[in-house]
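Heads up, the thing below is written out as structure tokens.
The values are calculated or read from the model by the stated rules, or taken from the named source; none is laboratory data. In this text, all values refer to a predicted model and were calculated from it rather than measured experimentally. Cβ sites come from the backbone with ideal geometry, for glycine too, and all protein chains shown count toward neighbours.
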Amino acid sequence: MSLVTFTTDFGPNSIYTATSRAGLLGKESVAGVIDLSHTIEPNNIAEAAYLVHTVYPDYPDDTIHIIAVDQRHRTRNPELVIRKIKQQYFISYNTGLLSMIDEEPNATYWIAGTYDGRHFTSIYKVLNQIALQIARNDFSGFEQVKADKVMQKSTLRPAMNDEEIAGNVMYFDERGFAYTNIHQSDFERFAPDGRAVIRLTRFETLEAVLPHLSGTSPGSAGAFFNDRGYLCIGIYHDDTRSLLGFKRGHVILIEHS
């Protein structure tokens, strides 16, 4: 039996979310259905890839991740794609999203048909059926292909040179904490002694990475590495979007002090 997760840009109160779940509940081959997020910014495949990338290592082998995030390339590339990463399966449109989740050489892909219908009905009309077939270990009708046969996009790495690291805000949680694509390993390679300036905005900087935010005063910003090693910016008892003007894609710079 397989767990199935959903990641979509349907919105938290969409009736299509409930309909999609209903199509899997009670199926013999499905151990459970878990919502990762339905608040991905519409069409933002980078945000969806980042979220799935950070959480999928916590899931067991044979988990099936359905990722329904619309994107303009879908009209030109109507294929539905499956990718296997470390004994888990990922299903989405042929937008390049699956290539962004993990840097794995010789990745295994399948084409599982095409879909040119409405985005919001894609899960219960086709993606659920693909997931159920995978859960039964039935790959009949799927065409196994090499990576160059599906759309590929660059991964979520920041730009880095001798002078700075330029990363981006990829995701916000419910507290308004901003999650970036700057990994602790990048930071330590850039500043082995740990001394660096974190430039949040033109006028706002931080001088240190904290173990957590509890040592900051209300309304003050702080930076810390989360459990996956990614740099996060938070404001104790407030929101980075309102106080710092952060948006998805906002540039965070790491500079030498």
Selection from segment 140-156 of residues that are loosely packed, with under 14 Cβ neighbours inside 10 Å and either touching a strand residue (DSSP E or B) at 6+ places or on another chain (Cβ under 9 Å) or within 16 Å of His65 (Cβ to Cβ) (or both) | Gly141, Glu143, Gln144, Lys146
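Looking at segment 107-131 only, could you name the residues that are part of a loop (DSSP other than H, G, I, E, B) and touching a helix residue (DSSP H, G or I) at 6+ places or on another chain (Cβ under 8 Å)? Can you show your working first?
At the first step, the residues of segment 107-131 found to be part of a loop (DSSP other than H, G, I, E, B) are 107, 115-118.
Selection gives Ala107, Tyr115, Asp116, Gly117.
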Residue that is surrounded by the fewest Cβ atoms within 10 Å (Cβ to Cβ), among those in segment 44-82 that are within 25 Å of Tyr179 (Cβ to Cβ) and in contact with an Asp or Glu (Cβ under 6 Å, 6 or more places away or on another chain) = Glu47
Considering segment 83-118, residues that are at pLDDT below 90 and surrounded by 17 or more Cβ atoms within 10 Å (Cβ to Cβ), and then whichever is nearest to Ala49 (Cα to Cα), we arrive at Asp102
Evaluate the following for Leu206: is it surrounded by 15 or more Cβ atoms within 10 Å (Cβ to Cβ) and within 18 Å of Glu164 (Cβ to Cβ)?
-> yes
Can you tell me how many residues in segment 207-225 are in contact with a helix residue (DSSP H, G or I) (Cβ under 8 Å, 6 or more places away or on another chain) and farther than 21 Å from Asp193 by Cβ?
-> 2
Scan segment 236-244 and give yes if some residue there is at pLDDT 95 or above, assigned to a strand (DSSP E or B) and assigned by TED's automatic domain parsing to the domain that holds Phe177, otherwise no.
-> no
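When segment 22-43 is examined, which residues are found to be touching a Ser or Thr at 6+ places or on another chain (Cβ under 7 Å) and either over 30 Å from Thr75 (Cβ atoms) or surrounded by fewer than 16 Cβ atoms within 10 Å (Cβ to Cβ) (or both)?
Initial filter on segment 22-43 (touching a Ser or Thr at 6+ places or on another chain (Cβ under 7 Å)): 29-31, 34, 36-38, 40.
If the condition is that a residue be touching a Ser or Thr at 6+ places or on another chain (Cβ under 7 Å) and either over 30 Å from Thr75 (Cβ atoms) or surrounded by fewer than 16 Cβ atoms within 10 Å (Cβ to Cβ) (or both), then Ser29, Val30, Ala31, Ile34 are the ones that fit.
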